[in-house]
Amino acid sequence: MREEALLKAFQETGALKRGHFELSSGLHSGVYFQSALVLQHPDRAEVLGRALARFVGEHAPRAIVGPALGGLIIGWEVASVLGVRGLFTERKDGEMCLRRGFRLEPGEPVAVVEDVVTTGKSTRETMDVIRAAGGETVAVAALVDRSGGAVDLGVPFHSLLSLPVETHEPSACPECRAGVPLDKPGSRPGEAVLKPRED
Ligand SMILES: [Zn+2]
């Protein structure tokens with residue numbers, strides 16, 4: 001999928017906004033990304049799933065694991081395209097785990113699919129869960145890499161779009177200095193912008 005088409009899909013659905021945003025941390029950013037806004041459209045989610053499946057399929061996983069909530073929809077889309085099981089991990093008391101009777105075969109090759117990778121923390125936790133369940137993570141894919149290419153997961157990693165996180169203290173914020181009005185998106189402003197998901 002070409003980058004322009006991807007940006008267009010994100011922008012048309014409000015998933016990607018450029019402007020002046022206050023994050024939950026109080027820091028300011030010029031970019032807001034909320035994958036749920038593009039993935040709420042099944043036709044768009046399917047196109048994105050196909051684009052990621054092209055990379056993921058090369059690693060021949062027999063199951064996809066999408067960490068909930070952010071990886072759930074896009075992970076399932078990839079699984080659907082590849083014709084393999086679509087599982088999800090979720091947090092219970094803060095711990096990432098595989099619940100609901102999901103099982104992996106010993107040595108089963110698994111790909112992790114995320115919406116956004118920022119520090120890779122939740123992805124690594126998901127890989128630990130897969131290992132503990134007997135599976136083997138053979139690849140990781142994400143819609144958006146917010147690490148600036150810095151994330152190293154120890155397995156092949158592919159994202160459709162690189163969108164590095166740039167944040168500023170309000171006192172050093174160029175948009176503040178330029179007098180751009182401040183936006184506070186969402187009920188928990190900027191949760192998808194600054195830090196890895198905790199849900
Ligand atoms: Zn600012």
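Structure notes:
- Solvent-free Debye scattering, log10 I(q)/I(0), computed from the Cα coordinates of the range 87-180 at q = 0.17 Å⁻¹: -0.77
- Helix 72-82 axis, angle to the chain major axis (alpha carbon atoms, nearest 10°): 50 degrees
- Taking 1.306 mPa s as the viscosity and 10 °C as the temperature, the Stokes-Einstein diffusion coefficient of the range 139-179 based on its alpha-carbon Kirkwood radius rounds to 131 µm²/s.
- Expressed as a whole percent, the accessible surface of the range 1-77 that belongs to carbon and sulfur atoms is 54, based on a 1.4 Å probe.
- Rounded FRET efficiency, nearest 0.05, which uses the C-beta distance separating Asp152 from Glu95 and R0 of 22 Å: 0.40
- For a paramagnetic label modelled on Glu169 (point 7 Å from Cα along Cα→Cβ), amide N atoms under 18 Å away belong, within the range 17-48, to 22-30.
- Solvent exposure of the range 68-129, expressed per residue, is 46 Å² of accessible area, with all protein chains present and a 1.4 angstrom probe.
- Measuring gaps between exposed loop sites in the chain (GluC sites (Glu not before Pro); DSSP loop; at most 16 other Cβ atoms within 10 Å), the longest gap, sites not included, is 59-165.
- GNM remark for the chain: springs join alpha carbons under 10 Å apart, and the peak mean-square fluctuation among Ser80, Ser162, Ser25 falls on Ser25.
- Equivalent ellipsoid of the range 6-159: semi-axes from √(5λ) of the C-alpha gyration tensor, largest first, are 26, 18, 14 Å.
- Evaluated over the chain, the count of Lys pairs having alpha-carbon atoms less than 28 Å apart is 11 (only pairs 8 or more residues apart or interchain).
- Two-site FRET efficiency, Glu105 against Ala36, from Cβ-Cβ distance with R₀ of 25 Å, rounded to 0.05: 0.20
- Across the chain, the relative contact order, built from alpha-carbon pairs under 8 Å that are at least six residues apart, equals 25 percent.
- Relative contact order of the range 31-110, pairs being alpha-carbon contacts under 8 Å that are 6 or more residues apart, as %: 28 percent
- Its residue count N sets the reference 2.2 N^0.38 Å, and the alpha-carbon radius of gyration of the range 115-158 equals 1.11 times that reference.
- Accessible-area value, Arg99, 1.4 Å probe, nucleic acids and ligands omitted, Å²: 90 Å²
- Computed from Cα atoms, the angle from the helix 3-12 axis to the main principal axis of the chain rounds to 70 degrees.
- Set of the range 77-92 residues, backbone N closer than 20 Å to the point 7 Å along the Cα-Cβ line of Arg62: 78-89
The values are calculated or read from the model by the stated rules, or taken from the named source; none is laboratory data. Keep in mind that what you see is a predicted model, and the values were worked out from it rather than measured. Note that we place each Cβ from the backbone using ideal geometry, even for glycine, and neighbour counts take in every protein chain shown. SASA here: full protein model, heavy atoms, side chains in, ligands and nucleic acids out. Shrake-Rupley method; radii C 1.70, N 1.55, O 1.52, S 1.80 Å.
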